1. Can you run down the residue pairs with Cβ atoms below 9 Å, 6 or more apart or on separate chains, where the first is in segment 68-87 and closer than 25 Å to R33 by Cα and of a type in the set (S, T, N, Q) and the partner is in a strand (DSSP E or B) and open to solvent by 20 Å² or more (accessible area, probe 1.4 Å)?
2. Within the group P68, P63, which residue is modelled with pLDDT of 90 or more and open to solvent by 50 Å² or more (accessible area, probe 1.4 Å)?
3. Scan segment 22-68 for residues that are part of a strand (DSSP E or B) and not basic (K, R) and report the count.
4. Name the pairs: first residue in segment 2-24 and closer than 14 Å to A70 by Cα and modelled with pLDDT under 75, second residue open to solvent by 80 Å² or more (accessible area, probe 1.4 Å) and part of a loop (DSSP other than H, G, I, E, B), Cβ to Cβ under 9 Å, at least 6 apart or on different chains?
5. Specify the residue that is nearest to V22 (Cα to Cα); the eligible residues are those in segment 79-102 that are open to solvent by less than 70 Å² (accessible area, probe 1.4 Å) and outside any helix (DSSP H, G or I).
6. If you check D89 against the conditions, is it modelled with pLDDT of 95 or more, of a type outside the set (K, R) and out of contact with any His (no Cβ under 8 Å at 6 or more places or on another chain)?
Amino acid sequence: MSERVVRLLGLGLRGGGGRVVVGVGGVRAQLQRGGLRCVVRARDASARTVEKVERLARARGVPIVRGPGAFELGHGLGRPPVQAVGVADAALARGLVGSSEE
């Protein structure tokens with residue numbers, strides 16, 4: 001499942017157009033604007049990240065998908081370790097939420 005999550009996020013990131021937001025700061029900003037359909041949180045995200053991102057996502061009714069570890073998540077996206085990724089694209093978010101339920 002983790003591999004599939006990273007693969008889907010990578011496709012969204014390469015598609016451009018702001019479909020995927022990488023990093024806690026960007027995810028929080030987009031959540032505050034109401035621009036995200038789901039959030040992928042690294043399995044080993046810090047307690048501070050969990051508090052900042054999950055609380056805001058839950059308040060906005062945005063689903064949270066537990067992804068792989070921060071290193072794996074970042075590596076799969078061609079970045080350093082990443083603790084949170086936001087998804088603005090509705091179809092991509094449905095795919096991610098659906099894959100987490102399998």
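The values are calculated or read from the model by the stated rules, or taken from the named source; none is laboratory data. Bear in mind the structure is a predicted one, so any value in this text is a computation, not a measurement. Cβ sites come from the backbone with ideal geometry, for glycine too, and all protein chains shown count toward neighbours. Heavy atoms of the whole protein, side chains included, go into the accessibility calculation; ligands, DNA and RNA do not. Shrake-Rupley method; radii C 1.70, N 1.55, O 1.52, S 1.80 Å.
1. Qualifying pairs under 9 Å: Q83/R41.
2. So the residue among P68, P63 that is modelled with pLDDT of 90 or more and open to solvent by 50 Å² or more (accessible area, probe 1.4 Å) is P63.
3. So the answer is 6.
4. S2/R43
5. Per the stated criteria, the residue is V85.
6. On the way: modelled with pLDDT of 95 or more: no; of a type outside the set (K, R): yes; out of contact with any His (no Cβ under 8 Å at 6 or more places or on another chain): yes.
When the stated conditions are applied, D89 does not pass them.
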